[in-house]
Structure formats: C-alpha cells, structure tokens
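What follows is a short report on a single structure.
Just so it is clear, none of the values below were taken in a lab; they were calculated from the coordinates. Since we're looking at a predicted model, the values are computed, not measured. No Cβ is skipped: glycine too gets one built from the backbone with ideal geometry, and neighbour counts run over all protein chains shown.
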Amino acid sequence: MNLQDDPHRLAVLKFAIGQPVRRTEDPVLVRGAGCYTDDVRLAGEAYAVIVRSRIAHGVIKCIDTSAARRLPGVLAAFTGADLAAYGTLKCIVPFNNRDGTPMKRPPRPRYRCV
C-alpha cells in the first residue's frame with residue numbers, strides 16, 4: 001500500500017508520538033527575555049494571598065484576622081464568614097459523574113468563633 005493511498009497513515013508517521021516538536025518560544029525563555037503575568041506591574045495594583053490550613057483534613061473552628069488587618073499595607077482580610085452573603089463558589093461548567101448523574105456537592109458547614 002502506498003502512503004498516498006492512506007492519508008491517515010502518513011499523518012501517523014509524520015506526527016506520531018515521540019516525534020520532535022519544534023518549539024518556537026524556547027529561545028526567548030532560555031535567554032530570560034520571556035514576559036510572564038508576574039512581570040507586569042500596574043499603578044495601584046494589590047496582591048491577594050490565600051492562607052489555607054497547615055493541617056490536612058483539619059477543621060477550622062475560628063479565624064482571627066485582627067492582627068493581619070493591622071499590618072501596614074494590608075487593604076483587607078476576609079474569611080468565609082465575611083463572604084457568606086455571596087454564597088458558595090459556583091462551578092461554571094455543570095460536571096457530571098462518569099455514569100451521567102449530577103456531581104455530588106459536599107456540604108460546606110459554617111463555623112463561628114466561640
């Protein structure tokens with residue numbers, strides 16, 4: 001059989017797994033001349049930092065943000081309780097399980113400082 005007779009075979013031979021792929025962006029990155037979003041600086045910009053539990057599967061019973069809010073340069077400190085009025089995070093895409101049933105949404109209990 002001729003390769004011209006089977007275009008799929010030609011595609012597999014020409015673009016198969018293990019074939020080198022020419023990457024045109026590499027020279028710029030290797031020279032250190034690449035530009036990333038972290039390299040962009042805008043006037044008046046602020047940074048957000050998310051602090052998560054250091055204990056796997058830990059239960060957060062209370063969060064005291066008063067010390068963080070007093071630090072110079074801190075614009076705000078929020079907890080889940082502060083943002084409760086916004087509701088839970090919404091997933092844009094309605095993912096389903098493999099069998100087509102809707103994805104189970106785990107309960108998100110709210111804890112209050114005591």
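Taking 14 Å as the cut-off, the amide N atoms of region 41-72 that come nearer than this to a point 7 Å along the Cα-to-beta-carbon line of Leu83 belong to 48-53. Only Lys, Arg, Asp and Glu carry charge here, each on its Cβ (+1 for the first two, -1 for the last two); on that basis region 22-64 has a dipole of about 220 debye about its Cα centre.
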